[in-house]
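A.B. asks: Got a structure for you, written out below as structure tokens; questions coming shortly.
None of the figures in this text is laboratory data; all of them are computed from the coordinates on show. On a predicted model such as this, the values are computed, not experimentally measured, just so you know. Don't worry about glycine lacking a Cβ; one is built from the backbone with ideal geometry, like all the others, and counts go over all protein chains shown.
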Amino acid sequence: MLSKSNLSVNEKPTQYRTLFTEEEDNLLRKLVEQYGENQWEYLSRQIGTRSSRQCRERWTNYLSPRLSQGPWSKDEDRLLFHKVKKYGKKWELLVRFFPTRSRNNIKNRYNTIVRKGLGLGLEVTTIEGFILSAERVESRNRPATSSKKDLNVNVPQINPIEKYSIQNFLI
């Protein structure tokens, strides 16, 4: 392990990104409840394993109780379309219009809708195309409502010799 004395003035020790543990999340929740949301330097020292920036971003993007983790509504998607059209992709500004969504959540939602829409050949620069793409994203995120045993599927049995016949591949 490198000691501080072995590092040049501009060098920083290598830090690896690791996910927050449940223990770190719980400690951060407790500390924010006790000391508030503007004491990130102090909170990071109390946690000991995270920088003030990591603590702040973890709180504002994932842990804050004001954040909605649920699906986006059509009204939210419409608002997102119109605000991006008016202000551009200025997520820090747009977060003001979505009090229960984080900056990252807003950015990810927009980019996912656009990427999905473009992949489907939709015109995502129109409200209609954007909303249609958003609906496709939501339908894909919903869990399946039926189990395999509920499906009544008849699969025809194929004779192994017929299976590889050239006639079966011609359409």
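A.B. asks: Which ³J(HN,Hα) values in Hz, rounded to whole numbers, follow from the phi angles of the stretch 85-102 under the Karplus curve 6.51 cos²θ - 1.76 cosθ + 1.60, where θ = phi - 60° and Gly and Pro get x?
C.D. replies: Coupling constants for the stretch 85-102: 4, 7, 10, x, 8, 9, 4, 5, 6, 5, 4, 5, 8, 10, x, 9, 10, 7 Hz.
A.B. asks: Report the net charge of residues surrounding TYR110, where surrounding means a beta-carbon distance below 10 angstrom and charges are Lys +1, Arg +1, Asp -1, Glu -1.
C.D. replies: +4
A.B. asks: Once label points are set 7 Å from the Cα along Cα→Cβ at both ASN38 and GLU123, what is their separation, rounded to one decimal in nm?
C.D. replies: 4.9
A.B. asks: A 26 angstrom limit on the alpha carbon distance is what I want to check against. Which of LYS30/LYS83; LYS30/LYS107; LYS86/LYS107; LYS74/LYS107 exceed it? Display every interim value, and only then the final one.
C.D. replies: On the way: LYS30/LYS83 35 Å; LYS30/LYS107 28 Å; LYS86/LYS107 15 Å; LYS74/LYS107 16 Å.
Where the Cα-Cα span goes over 26 Å, the pairs concerned are LYS30/LYS83; LYS30/LYS107.
A.B. asks: Could you go through the stretch 105-121 in sequence order and give the Karplus-derived ³J(HN,Hα) for each residue, using 6.51 cos²θ - 1.76 cosθ + 1.60 with θ = phi - 60°, rounded to whole Hz, and x for Gly and Pro?
C.D. replies: 5, 5, 4, 5, 4, 4, 5, 5, 4, 5, 4, 5, x, 5, x, 8, x
A.B. asks: Could you pull out every residue, at least 5 positions away or on a different chain, whose amide H is within less than 5 Å of the one on SER51? Hs are placed 1.01 Å off N in the peptide plane, and Pro or chain starts have none.
C.D. replies: It is none; the list stays empty.
A.B. asks: When ASP25, ASP75 are ordered from fewest to most other Cβ atoms inside 10 Å of their Cβ, what list results? Show your work: numbers first, answer last.
C.D. replies: Values: ASP25 15, ASP75 8.
Exposure proxy ranking, most exposed first: ASP75, ASP25.
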